[in-house]
1. For residues that are on the phi < 0 side of the Ramachandran plot, in contact with a strand residue (DSSP E or B) (Cβ under 8 Å, 6 or more places away or on another chain) and assigned to a loop (DSSP other than H, G, I, E, B), tally how many sit in segment B:67-111.
2. I need every pair where a residue in segment B:5-24 that is away from chain A (no Cβ under 14 Å) and farther than 19 Å from A:Y87 by Cβ has its Cβ under 8 Å from the Cβ of a residue that is of a type in the set (D, E, K, R) and in a loop (DSSP other than H, G, I, E, B), sequence separation at least 6 or different chains.
3. Please note which strands (runs of 3 or more DSSP E) are completely contained in segment A:277-362 and include at least 1 residues that are touching a strand residue (DSSP E or B) at 6+ places or on another chain (Cβ under 9 Å) and without any contact (Cβ under 8 Å) to a residue 40 or more places away in the chain.
4. Taking A:E54, is it away from chain B (no Cβ under 11 Å), among the acidic types (D, E), under 19 Å from the mean Cα position of the chain (by Cα) and over 18 Å from B:P62 (Cα atoms)?
5. Please tell me if B:A319 is buried (at least 22 other Cβ atoms within 10 Å of the Cβ) and touching a helix residue (DSSP H, G or I) at 6+ places or on another chain (Cβ under 8 Å).
6. Which is in contact with a Phe, Trp or Tyr (Cβ under 8 Å, 6 or more places away or on another chain), at pLDDT 95 or above, among the β-branched types (V, I, T) and under 25 Å from B:N411 (Cβ atoms), of B:I339, B:I296?
7. What residue, of B:D365, B:D386, B:D355, B:D371, is acidic (D, E) and within 14 Å of chain A (Cβ to nearest Cβ)?
8. Identify all residues within segment A:233-248 that are small (G, A, S) and within 16 Å of A:N164 (Cβ to Cβ); write none if there are none.
Amino acid sequence: MTANYISTTNACKLCRPLGASVAFRGIEGCVPFLHGSQGCATYMRRYIISHFNEPIDIASSSLGEKNAIYGGAANLKQGLENVISKYHPSIIGIATTCLTETIGDDVPHILKEYVNEFGSSETPAIVNVSTPSYSGSHMEGFHGAVKSIVEQLCEIAPANETVNILSGFVSAADIRYLKSVCEDFAIDSTILPDFSETLDGPALDDYPLIPKGGTPLEKIRTMGGARATIELGATLPDDTAGTCLEKQHRTPLYRIGLPIGIRQTDAFFDTLASLSNKQLPARHMNARGRLIDAMVDGHKYIFGRKAVIYGEEDLVAGLTGFLAEIGIQPVLCASGGKSGMLKDAVTDALGGMGCLMPEVVEDVDFYDIEEKVKAMKVDLLIGHSKGYSFARKNNIPLIRVGFPIHDRVGGQRLLHLGYDGAQQLFDTITNTVIAHKQDSSDVGYSYM
Amino acid sequence: MKSAAILEDRQGQVFRKGAEPFAIDCNKDSLAGAVSQRACVFCGSRVVLYPIADALHLVHGPIGCAVYTWDIRGALSSGPELHRLSFSTDLQEMDVIFGGEKKLTRALEELIDRHQPKAAFVYSTCIVGIIGDDLEAVCRKVTKEKSIPVLPVQSEGFKGNKRAGYQAACNAMAKLVGTGDTGNISKYSINILGDFNLAGEIWLIREYFQKIGIEVVANITGDGRIADIQRSHGAALNVVQCSGATMDLADMMKEKYSIPSLRVSYFGVEDMAAALYSVAEHFNNPLLLERAEKLIKQEVSALMPELSKYKEALKGKKAAIYVGGAFKAFSLVKAFRLIGMDVVMVGSQTGTREDYIELDQITDDGTIIVDDSNPLELSAFLKEKDVDLFVGGVKERPIAYKLGVAFCDHNHERKEMLAGFSGMLNFAREVYSSVMSPVWNFVPRRAKEIQK
């Protein structure tokens, strides 16, 4: 709970069905579908489009006043029929909204009825997740959708050599990176979800109702037989897709924080190395070496700078660890989420770096963040683009990471993960500090 | 109209102008599963009231409704910027079970103390309509306590479409009208309704009217102020742009205060000139008319040579239009004609039958006219008509770009002033800078043509 205030001003979180919609978009042949009023789907489409600059068609059951009174079953069924007839999906991912949760629609039951009434060989797989917007944030929606996909689609599968990677809500570039890393280790991976192409695709000569790419349904079905599941995140809920696979299919689960910065990436690569019985591939060895070299070259420009990090908890924890590695002092770690785990995650992330413990706050909005920062001297803000008005008002440079990036192009191409991601982050952070100093200097130095 | 892209239940909402007599279904609920481009009732209310800059806009509901509308419009203010903040009661599970009235009351008290607004609008969302919070009662209580108008906006998302939201916004504003002092208002005075000061457009329009000798009492709602709306019943005429959004308020003011209204558009040379003439004519004063004539002549003669450069390049290119309100579509059809382009498709989210009849009258044979469309249909129409430029909002943009079609942003977060005479030049430049970009040489659609 926000102890200080009743109202929320400039929230630092999004609503639950948005996270589910993004996750569903990462399944091959999937149409995300919101069971609720028309506005939810449209608002979320608009919000997601503004980040990815890509189409995302989210269907809606478009409930009206009568449906709110008598229930939305008929609309949900009609909506499914219409989506199937025009989109020909291989799967539909249904997320609820606050409206349908509150009127008490029993979606699993309605879906059973639907299959009984309309089911045919053409009927796609249907996954549903409960995402009441009044409980949790988009991250609960994201993880909830991934868990539902696994729960509802994974079948008893023979043991196979694949490795499941549950990456969390990272960027399209991050997912592409994870894929290529697995290839380098010769690991046959199932990355879930995979919106690296569906939300960052090429120019086409036709409008893709369902774009190419996404985690293939067949691979999802056999995830239970995988050699292991690697689930990324330091503030994950107890019940996730990873624990579901572990409990129901005995798939060994490795939970590690997002591989941001050197130590977390090391941990990730160590896990891959032991799973594949292979050594760190030369490409990544070199990338690690170059990163450390770059950190040495640039360390003096950033040492002791104070940073505020905000956004999703896992991202905040990951970035905080990396900042500690490069000598930047995190002074405030803030999130609109409220897992109750951020403080421990930040403590772990700082371990051994001789860094002072920053203030860590959950369930805050930008009003709270601003109030807290007033008493601090801050050199950098690191977070998504919704911190811009705050950054501008206080003349603090903003390093844009995560989601959403609404005021720059290429949010989907930001790389956060691995040695390559750390390299990009390091260059951006260091150059931002240098540019800020250069721009505010009377001299205008032309060497660093 | 039948087409593989159109769902059976939607065929009545698409018309191809030609041999058959005009007929279109519209103003109905969006079809489930059709992936409509429309938002909801809340959206309608939020966009209309949003630009009132010295009011507190509190969204009573779960966090999503507030975050998706935070700083969403490019509606500029010449003073306070309270409208650019996003306030929410961020309802949680317990509030849904036990009711949100207490939290709403406390949130209002807190925010009013903190920001000292001139009034507060409290938006109802889907869930509030279901749990049955008594918004009216809470607003009455806080109005008394804080001595500012605290106005409920009955904008539960599911209770209709965007048009119902416009109506709810007008109902809320109607409670303000008539509560201010109307002393010292000229007899040649107007309220500007239905301009939202995107990119500063209302400042330009006000300047035109002032040059003619007409006083603007209230901006409703671009760069809007509560005190101005409170005294807006002192104006002699309501000048209404934007068909759906504010006509309801004008009608209420006509009934209660006998203020007549004129429908205008400030977009495009023809409509801008017509707006100034019709207002000047309304006051039946030759001096005003003379000044209007002079202003229009001046502006048009400065504009036309500039415009002709763009016209030369854009002549014969094909345009498609999909916008929120049909009134904007009328002006766009004329504006494209002025720069030599052919409109081959035009549609809106919320047009009425009368609107579509007018579109039918002003468009050429073969033009596709569509109500409450979706990506599947729009992409099919763009391809069928081999469109060079699509004009629309954020949700339409990736449809155009994915297909390799140029795009003009005519949404409510745009940064370019498109109204008025100088706005017409900006519009032409916007269109030109997308249509003429070399990037199209590389998109698959055009690359194939070049190979041929």
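The values are calculated or read from the model by the stated rules, or taken from the named source; none is laboratory data. Treat the numbers as computed from the prediction; the structure is a model and nothing was measured. Note that we place each Cβ from the backbone using ideal geometry, even for glycine, and neighbour counts take in every protein chain shown.
1. Counting residues in segment B:67-111 that are on the phi < 0 side of the Ramachandran plot, in contact with a strand residue (DSSP E or B) (Cβ under 8 Å, 6 or more places away or on another chain) and assigned to a loop (DSSP other than H, G, I, E, B) gives 10.
2. Sorted first by the residue in segment B:5-24, then by its partner, the pairs are B:G12/B:D25; B:K17/B:D364; B:K17/B:D365; B:G18/B:D365.
3. In segment A:277-362, the matching strands (runs of 3 or more DSSP E) lie at A:329-334, A:359-361.
4. no
5. So B:A319 fits the description; yes.
6. B:I339
7. Exactly one of B:D365, B:D386, B:D355, B:D371 is acidic (D, E) and within 14 Å of chain A (Cβ to nearest Cβ), namely B:D386.
8. Within segment A:233-248, A:G233, A:A241, A:G242 qualify.
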